[in-house]
Amino acid sequence: MAKLDNKKLLACCANGAGSSLMMENAIKKVMKKYDIKPAELRHCSVSEGKSAARNYDVVFCARTFSKNFEELAAAGKTVIALKNVMSDKEIEAALQEADLLD
């Protein structure tokens, strides 16, 4: 079983429409490559994500928004801050660095 199987993943961007949807699609690409089946993968705005994130195992966001999730990271949740939110290669590398890919 992969480390991210049955985990809840959240992708956050400024408004929760454009870039978070593209980030979600890039995350799906990585999940498919590693045959990972998360329990949930959704996208939303940073403002919604700040309150919802505590219910997720991994939160993805742009680096510019990572300070919004510092408290979450301090509580032991995984926050993946990305330079290019649409890059599946960067997402894959970040997940490897966080030791979340088998």
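All of the numbers you see were taken from the coordinates with simple rules; none came from a lab. Values in this document were obtained by computation on a predicted structure and should not be read as measured data. Here Cβ is always computed from backbone atoms with ideal geometry, including for glycine, and neighbour counts include all displayed protein chains.
Summary of computed values
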read-out: Calculated FRET value between MET86 and ALA39, using beta carbons and R₀ = 22 Å, to 0.05; value: 0.40
read-out: Unsatisfied cross-links (Cα-Cα over 22 Å) in the set LYS7/LYS32; LYS3/LYS29; LYS29/LYS67; LYS32/LYS67; LYS28/LYS83; LYS8/LYS89; value: LYS29/LYS67; LYS32/LYS67
read-out: Cα-based Rg / Dmax (Å) for the stretch 11-101; value: 11.8, 31
read-out: C-alpha long axis of helix 88-97 to longest principal axis of the chain, angle in °; value: 80 degrees
